[in-house]
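Asker: First the structure, then my questions, so here it is.
The values are calculated or read from the model by the stated rules, or taken from the named source; none is laboratory data. What you see is a predicted model; the values in this text were computed from it and never measured. Neighbour counts run over all protein chains shown; Cβ positions are idealised from the backbone, glycine included.
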Amino acid sequence: MAKTYRVAHQWDHWLAQGHFLGHELVAAEKKSLLRLLTKYFGKYTLLIGVPHQEELLRTTATARQVLLTPLIVKNRHLKSIESEFHELPIASGSIDLVILPHALEYIENPRQLLAEACRIVKPEGHIVILGFNPVSLWGLKKQFIHSQLMPWSTNFISANLVKSWLRLADFELVNQDYCLFRPPLKQKGLYKKLHFLEWFGHKCFRPFGGAYVLIARAKVVPLTPIRLRWQQNLSNVRVSIPGPSMRDF
């Protein structure tokens with residue numbers, strides 16, 4: 001748990017005060033969610049992540065948005081729950097929309113966290129998962145530099161693997177998209193000049209975006225009626241069948 005707290009703090013610091021790519025990541029994912037979540041409504045949205053991902057909560061049309069994080073939240077205007085990720089203090093089937101941005105990549109047991117996130121989603125509710133795409137320029141850089149700095153020190157989990165975990169949790173994929181088609185350059189000026197690659201990549205090379213967005217819906221398992229077999233011995237039971245009486249003649 002201490003390791004998860006430390007890595008989450010490093011991730012939050014990278015998004016806020018680290019390389020400018022942290023700001024670009026949040027901006028690109030916010031733009032994607034604003035486009036994808038316009039038709040999703042409900043009462044509660046829960047984001048499982050770190051404080052500097054709070055902008056992603058503003059992309060939903062639900063009545064209440066809450067952040068669940070192991071870190072201390074300094075923003076008094078942000079509703080938050082301070083909790084570890086291994087066991088979420090949320091009732092099962094109580095949340096309309098759960099957003100899970102990159103948290104699977106920096107914890108020790110991502111399948112356990114995903115199972116917990118799926119557990120708290122209402123029937124017919126949705127879960128949104130954002131992650132780095134290993135088959136992209138961002139994934140290529142991670143393979144070559146072997147850095148211990150964020151985000152390259154995290155585990156890039158493929159979208160196909162996450163989708164297989166969702167199927168095992170009885171979730172159905174309803175949408176998938178990509179963003180971040182520019183290479184993760186160190187030069188901010190050059191990165192800005194390559195803005196046109198976002199439009200071009202989304203049109204022509206969508207599966208190779210640096211980050212993916214998965215939206216899945218919780219299936220409702222129909223109740224199957226069970227036919228009971230009558231096993232009682234009826235040999236001593238007398239059945240009376242109404243018939244014509246003498247008054248009818």
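Asker: Could you check LEU67 against (1) over 18 Å from ALA103 (Cβ atoms); (2) crowded, with 22+ Cβ neighbours inside 10 Å and say which number it fails?
Answerer: Going through (1) over 18 Å from ALA103 (Cβ atoms); (2) crowded, with 22+ Cβ neighbours inside 10 Å one by one, LEU67 breaks only (1).
Asker: Using beta carbons and a limit of 9 Å, which pairs, at least six apart or on different chains, have the first residue in region 100-129 and under 17 Å from LEU88 (Cα atoms) and hydroxyl-bearing (Ser, Thr, Tyr) and the second one at pLDDT below 95 and not in a loop (DSSP other than H, G, I, E, B)?
Answerer: Correct list of pairs: TYR106/THR4; TYR106/VAL7; TYR106/ALA8; TYR106/GLN10; TYR106/TRP11.
Asker: Another question, then. What are the pairs, 6+ residues apart or on separate chains, where a residue within region 152-175 that is farther than 16 Å from GLN112 by Cβ and touching a residue at least 24 places away in the same chain (Cβ under 8 Å) has its Cβ under 6 Å from a residue that is acidic (Asp, Glu) and in a helix (DSSP H, G or I)?
Answerer: THR154/GLU105
Asker: Select from region 133-153 the residues that are of a type outside the set (S, T, N, Q) and surrounded by fewer than 15 Cβ atoms within 10 Å (Cβ to Cβ) and write down the one among them that is modelled with the lowest pLDDT.
Answerer: Per the stated criteria, the residue is HIS146.
Asker: Something else about it: For residues in region 154-181 being assigned to a loop (DSSP other than H, G, I, E, B) and out of contact with any Lys or Arg (no Cβ under 9 Å at 6 or more places or on another chain), which is surrounded by the most Cβ atoms within 10 Å (Cβ to Cβ)?
Answerer: LEU180
Asker: Which ones in region 81-106 are small (Gly, Ala, Ser) and within 21 Å of ALA27 (Cα to Cα)?
Answerer: ALA103
Asker: Here's another thing I want to ask about it. Looking at region 34-52, which of the residues that are of a type in the set (A, V, I, L, M, F, W, C) and more than 14 Å from ILE127 (Cα to Cα) is surrounded by the most Cβ atoms within 10 Å (Cβ to Cβ)?
Answerer: VAL50
Asker: Please name all residue pairs, on different chains or six or more residues apart, with Cβ atoms under 7 Å, provided the first residue is in region 1-27 and is over 16 Å from ALA103 (Cβ atoms) and of a type in the set (A, V, I, L, M, F, W, C) and the second residue is modelled with pLDDT of 90 or more and outside any helix (DSSP H, G or I).
Answerer: These pairs meet every condition: LEU21/PRO184.
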